[in-house]
């Protein structure tokens with residue numbers, strides 16, 4: 001029972017709010033919006049939708065974008081509510097740790113790290129394709 005108690009142990013909200021290790025807030029609203037758009041959109045929006053629209057869906061892809069925007073907005077509202085209730089550094093790890101326990105917080109933290117690693121790989125693939133097309137205009141062909 002000792003291991004299960006340690007895994008399901010929840011961090012108290014007061015401990016987070018009373019800690020003195022708050023980071024200095026230097027990111028403004030414009031910076032945060034630009035960073036959010038950069039993380040969400042990435043390079044994939046410029047590669048896949050054109051191919052899908054040309055071969056499968058046509059103009060109906062607009063409906064997909066509208067539905068995706070609604071889903072992303074609800075997720076953004078959840079994060080806004082969490083961050084106003086728990087205004088500390090740590091994002092999903094802190095939220096999961098306080099609400100569900102240490103195991104869920106740990107899983108959420110590592111899931112975010114893996115998500116960012118996969119996003120970097122996807123962006124690198126997209127930019128490699130763009131770079132290959134760019135240098136092909138100069139007569140340089142890379143297989």
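Laboratory data are not the source of any read-out in this text; all were calculated from the coordinates shown. Source: prediction; values computed, not measured.
Computed from Cα positions, the angle between helix 61-85 and the longest principal axis of the chain comes to roughly 20 degrees. Taking the three principal axes of the alpha carbon atoms in segment 43-85, the coordinate ranges are 45, 20, 8 Å, sorted in descending order.
Full extension of the segment from residue 113 to residue 6, taken as 0.36 nm per residue of separation minus the current Cα-Cα distance, would add 36.2 nm.
Kirkwood analysis of the chain, using all unique Cα-Cα pairs, places the hydrodynamic radius at 18.8 Å. Just so you know, the Rg over Rh for segment 89-143 is 1.40, from Cα atoms, with Rh as the Kirkwood radius. The angle separating the long axis of helix 102-136 from the principal Cα axis of greatest extent in the chain is about 20 degrees. Once the Cα atoms of helix 29-41 and of the chain are each reduced to a long axis, what angle between those two axes, in degrees from 0 to 90 to the nearest 10, is obtained? Helix 29-41 sits roughly 60 degrees off the main axis of the chain.
In a fully extended conformation the segment linking residue 71 and residue 135 would gain 19.2 nm over its present Cα-Cα distance, using 0.36 nm per residue. Taking the helices alone, the chain has a mean residue ellipticity at 222 nm of -24000 deg cm²/dmol, built from -39,500 (n - 2.57) per DSSP H run of at least 4 residues and averaged over all its residues.
Based on Cα contacts under 8 Å between residues 6+ apart, the chain shows a relative contact order of 36 percent.
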